[in-house]
Amino acid sequence: MWAIIFFFFLGGAQDPDLEHLRNGTWAGLVVGFTILIFAGPEFIHYQNQWSFLMEILNSTSRAELGRQRKEAEEAATLLGSVWSARLKVHYIEHGLLRGRATQLGDQDRVPEDFLINWWRTQDSRLSRMIEANILREPWLNRSLGSISFIVSILQLCNMSFGIVRNEALERANTLIIWDWLNGERIDSVAAPYFDDISGWFLLLISVFLLWASFPASGERPEAPELDEEE
């Protein structure tokens, strides 16, 4: 990812100010590409197993659960004991195994749950604030969260280190968002610069939208049913 940003967005291949990073970036690109050749197929295999297991855990059809039980157990075993425990609880809840269904504890959770819940949520904080069906679409929520995260990082870098070239062609100036939007001839000052109100507004909005893209807590309240007029 850094190599793509360096060569295609920062112009690192020709920029003399970034020459000291060029050799390291090339080395990282070669090493990363080599690792990708060997790790890529294995990652795809694990991703397919995880996707299949998530479909099983979201299914409520006993016929489907029973038909794909062997494959699901193999996938859970491959992914680890936490997923085997989740699959067992799911089977107990739907009557495929005998036992008492229990709530999963902290020991049955994995770090990637945080991102998994965000990735597939249809009940974000923003969708609770604004009643619109489009805001419950996972693809829109992912896009909103990803763009907000990128904008937040870029604005922090802009305020702290500068992303605009100065007269010496060094990326050491902070872009003044309001002046840039208004087409001012001089729209940047030497970094670090934290007095730009429009920059703070952009940063706060992007951080808020990132926070709002994560799943809301608790059960979603049901919309009140309107009585039909006779």
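Data overview
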{"item": "Some residue of segment 194-208 being modelled with pLDDT of 85 or more and either over 29 Å from the mean Cα position of the chain (by Cα) or not assigned by TED's automatic domain parsing to the domain that holds Leu140 (or both)", "result": "yes"}
{"item": "Options Ala216, Ala212; residue that is modelled with pLDDT under 90 and touching a strand residue (DSSP E or B) at 6+ places or on another chain (Cβ under 9 Å)", "result": "Ala216"}
{"item": "Given (1) surrounded by 15 or more Cβ atoms within 10 Å (Cβ to Cβ); (2) at pLDDT below 85; (3) polar (S, T, N, Q), index of the condition Gln14 fails", "result": "(1)"}
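The values are calculated or read from the model by the stated rules, or taken from the named source; none is laboratory data. Since the structure is predicted, the reported quantities are computational estimates derived from the model, not experimental observations. Note that we place each Cβ from the backbone using ideal geometry, even for glycine, and neighbour counts take in every protein chain shown.
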